[in-house]
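Here it is, the structure, as C-alpha cells.
The values are calculated or read from the model by the stated rules, or taken from the named source; none is laboratory data. Predicted model, so just to flag it, every value in this text is computed and none were measured. We place every Cβ from the backbone using ideal geometry, glycine too, and count neighbours over all the protein chains shown. Side chains are part of the model used for accessible areas, which takes the heavy atoms of the whole protein and leaves out ligands, DNA and RNA. Shrake-Rupley method; radii C 1.70, N 1.55, O 1.52, S 1.80 Å.
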Amino acid sequence: MIKKPRGTEDILPNDSKIWRLIENTAHEICAKYGYKEIRTPVFEDTSLFSRGVGDTTDVVQKEMYTFNDKGGRSITLRPEGTASLVRSYIENSLYANPQPTKLYYLISCYRYEKPQSGRLREFHQFGLECFGSDSSATDAEIITLAFDFFKTLGVKDLSLNLNSIGCEKCKPKYNEELKKYFSSHIDKLCDTCKDRLEKNPMRIIDCKSPVCQEVCADAPRMIDYLCEDCDSHFNQLTSYLDKLNIKYAIDPNIVRGLDYYTKTVFEITSDALGAQSTVCGGGRYNGLVEELGGKPTPGIGFAMGIERLILILKSQGIELGESLGPNIFVASIGDNASLTAQKLVYDLRNKGLWAERDLCDRSVKAQMKYANKLGACYSIVIGDDEVLNNKASLKNMGTGEETVVELSCDSIYNIIKK
Ligand code: HAM
C-alpha cells in the first residue's frame, strides 16, 4: 500500500469542519481589522527565499523543498508566506493603493524538518502582513488581532513574548559584540554555527543544538544595544499593550528563525504544545521590501501554525463545529417510489436542506438503520401506496412522533423547518 509522505497529514472529514471553522474565524476577524485575503503560488523562484528569508537560516540551508523544473529553473515550495507576499506587493504595485496595505493568507507551507508532534513537513499557516507603516500602533494592532482570533476560538492560557532586534543602525554594533563573545567560545559551537559566526552571528542564538544554547545563555542581548529610535519604538509598543490590557513578557532571547526581522519580534506560546510551544510568530521587517527590489517600505506580520492551533484546541477540550446529521432521510421501496424519492431529495436540497436517500440498494429496514447511523433528524418511507395517495408519514427521529404529510417538498419543508 502506498502511504502518505512522512511529515504530511490527511485532513479527514471529522477534522475538516474544525479547519473550516478556524478559516472562517480568520476571515471574520481579518475583515474587522481591514485585512484583505491574498493567494500566491505554492512554488516560487528559489532566489526569493534565499534572498528574502536569508541564506544562513536553517530554513534555507536545510529545510527547503527545492528542485529544477523541466525548463531548468530552480523552484522552491514555499517554506513560509512573507517573502511571497513581499514579492506580490512589489510585482502588483500594491504600494500604489492608500497605505498601509493590509493582507492575510491561509496557506500550506513546506519544510524538510524532522517530523514530531506539532512539526510537519507540510503544514498550514494563517498569516498576515501589513506594508507601509512603521508605527508601533501597527505592531500593537496585529498582536491584538491575533489575541482576538484566539479568544473567538476559545483558546486559553497563551503567553506573549516580545523582543526588539534593532535595525540597520544598531544591529552592526551588536553583531560586533556578538562576534567577540562567540569567538571566545568558538570550540564549543556546532559546525553550522562556526560558519555563521562571520556571516550572521545573531543566527547562533537561534541554534537548536543544546551546546550552542548553553553558550548563548551569557551572550550579549540586543535589547541592551538598541538605538534611540528602536528603543522608543519598543517602549511605545509596550505602552499600547499595557493600555489594551494585553499581558506580555520581554524575552531577549527571541531572534526568530528568519533573517528579515528588524525592531519588534514576538512569539505566542502555549504550554499545551510541549517542545514545539510556539503557535504564532512574527515581527517587523523594515528592510525586506527594498531587499527584494521595491522602494524602502516598512512591513510587519505574523503567522500561526494551524496544526499547532488544533493541538491546543484539542488539549483544552474545546469542541468546534457541531456534527449534526441530515435534516431528512427519504427511504423508498420499489422502482416507482425510488423515482419519487430522488425528486423529493433533489427539491429539498434546492430549498437548502441536507437530504439523503439510499444509494446502495438496501432493504427498507437497512435504510432506516442507515438513517439512524447518519443521525437524520426526520425520515419518511415511500412505497407504491404513498406514491398513489400522495401522502406519507414523516417521522421525527428524536421524539418518534409521526405526522401524515402530503408528499410534496413544500409541506415536508414547512414541518422540518418549524
Ligand atoms: P515561523 O515562526 O517560521 O514564521 O512560522 C510561524 C508558525 O508556523 C510557527 O509559530 C508554527 O506555529 C508554524 N510552523 C512553523 N514550522 C512548522 C512546522 N514544521 N510544522 C508545523 N507548524 C509549523 C514565519 O513563517 C513567518 N513568515 C511569520 C511572519 C509573518 N513574520 C512576519 N510576517
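Run S209 past the list (1) open to solvent by less than 30 Å² (accessible area, probe 1.4 Å); (2) over 31 Å from the mean Cα position of the chain (by Cα); (3) hydroxyl-bearing (S, T, Y) and report the number of the one that doesn't hold.
S209 satisfies all of (1) open to solvent by less than 30 Å² (accessible area, probe 1.4 Å); (2) over 31 Å from the mean Cα position of the chain (by Cα); (3) hydroxyl-bearing (S, T, Y) except (2).
Going by what's in this entry, would E91 be described as of a type in the set (D, E, K, R), open to solvent by 30 Å² or more (accessible area, probe 1.4 Å) and away from the ligand (no atom under 11 Å from the Cβ)?
yes
Please verify whether the stretch 53-76 includes one or more residues that are out of contact with any Leu (no Cβ under 7 Å at 6 or more places or on another chain), under 30 Å from S315 (Cα atoms) and more than 9 Å from the ligand (Cβ to nearest atom).
Yes.
A follow-up question, please. Does G274 meet the test of being modelled with pLDDT of 95 or more and either open to solvent by 20 Å² or more (accessible area, probe 1.4 Å) or touching a strand residue (DSSP E or B) at 6+ places or on another chain (Cβ under 9 Å) (or both)?
no
Sticking with this structure for a sec: Could you check the stretch 314-333 and list, in sequence order, the residues that are of a type outside the set (K, R) and surrounded by fewer than 20 Cβ atoms within 10 Å (Cβ to Cβ)?
Within the stretch 314-333, S315, Q316, G317, I318, E319, L320, G321, E322, S323, L324, G325, I333 qualify.
Kindly indicate the residue of the stretch 1-29 that is more than 16 Å from the ligand (Cβ to nearest atom) and without any contact (Cβ under 8 Å) to a residue 12 or more places away in the chain and also farthest from K151 (Cα to Cα) among those meeting that condition.
M1
Next question, about the same structure. Is at least one residue of the stretch 217-235 touching a helix residue (DSSP H, G or I) at 6+ places or on another chain (Cβ under 6 Å) and farther than 22 Å from Y260 by Cβ?
no
For (1) surrounded by fewer than 20 Cβ atoms within 10 Å (Cβ to Cβ); (2) among the hydroxyl-bearing types (S, T, Y); (3) within 9 Å of the ligand (Cβ to nearest atom); (4) in a strand (DSSP E or B), each residue gets a yes or a no:
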position: A31; (1), (2), (3), (4): yes, no, no, no
position: E80; (1), (2), (3), (4): no, no, yes, no
position: V86; (1), (2), (3), (4): no, no, no, no
position: Y104; (1), (2), (3), (4): no, yes, no, yes
position: E129; (1), (2), (3), (4): no, no, yes, yes
position: D134; (1), (2), (3), (4): yes, no, no, no
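Across the stretch 317-330, what is the total count of residues that are part of a loop (DSSP other than H, G, I, E, B) and either modelled with pLDDT of 95 or more or within 16 Å of the ligand (Cβ to nearest atom) (or both)?
Within the stretch 317-330, residues that are part of a loop (DSSP other than H, G, I, E, B) and either modelled with pLDDT of 95 or more or within 16 Å of the ligand (Cβ to nearest atom) (or both) number 2.
Next question. Does K365 fit the bill of being away from the ligand (no atom under 16 Å from the Cβ) and within 30 Å of A140 (Cβ to Cβ)?
It is false that K365 is away from the ligand (no atom under 16 Å from the Cβ) and within 30 Å of A140 (Cβ to Cβ).
Only one of I254, I223, I246, I250 is among the aliphatic types (A, V, I, L, M) and within 16 Å of the ligand (Cβ to nearest atom); which?
Result of the check over I254, I223, I246, I250: I254.
Shifting gears a bit: Go through the stretch 106-119 and give me each residue that's in a loop (DSSP other than H, G, I, E, B) and open to solvent by 20 Å² or more (accessible area, probe 1.4 Å).
Within the stretch 106-119, R111, Y112, E113, K114, P115, S117 meet the criteria.
Would you point out which residue out of G166, G154, G118 is at positive phi and in contact with an Asp or Glu (Cβ under 8 Å, 6 or more places away or on another chain)?
Just one listed residue meets the conditions, G118.
For the condition touching a Pro at 6+ places or on another chain (Cβ under 6 Å) and surrounded by 18 or more Cβ atoms within 10 Å (Cβ to Cβ), what is the one hit in L162, L178, L158?
Of L162, L178, L158, the one residue that is touching a Pro at 6+ places or on another chain (Cβ under 6 Å) and surrounded by 18 or more Cβ atoms within 10 Å (Cβ to Cβ) is L178.
Report whether or not D157 is farther than 22 Å from M304 by Cα, in the same structural domain as Y35 (by TED's automatic domain parsing), touching a strand residue (DSSP E or B) at 6+ places or on another chain (Cβ under 9 Å) and of a type outside the set (A, V, I, L, M).
no
Out of T46, T40, T138, T57, report the one residue that is in the same structural domain as D242 (by TED's automatic domain parsing), touching an Asp or Glu at 6+ places or on another chain (Cβ under 7 Å) and open to solvent by less than 50 Å² (accessible area, probe 1.4 Å).
On inspection, the qualifying residue turns out to be T57.
Can you run down the residue pairs with Cβ atoms below 8 Å, 6 or more apart or on separate chains, where the first is in the stretch 123-139 and at positive phi and the partner is assigned to a helix (DSSP H, G or I)?
Taking only residues 6 or more apart or on different chains, the pairs are G132/Y95.
Provide a single number: the residues in the stretch 287-311 that are open to solvent by 40 Å² or more (accessible area, probe 1.4 Å) and either touching a strand residue (DSSP E or B) at 6+ places or on another chain (Cβ under 7 Å) or near the ligand (Cβ under 10 Å from one of its atoms) (or both).
2
Among the residues of the stretch 154-206, which ones are part of a helix (DSSP H, G or I), more than 18 Å from G287 (Cα to Cα) and of a type in the set (S, T, N, Q)?
The answer is S183, T192.
Look at D148 and say whether it is in contact with a helix residue (DSSP H, G or I) (Cβ under 7 Å, 6 or more places away or on another chain), open to solvent by 80 Å² or more (accessible area, probe 1.4 Å) and either of a type in the set (S, T, Y) or assigned by TED's automatic domain parsing to the domain that holds D55 (or both).
no
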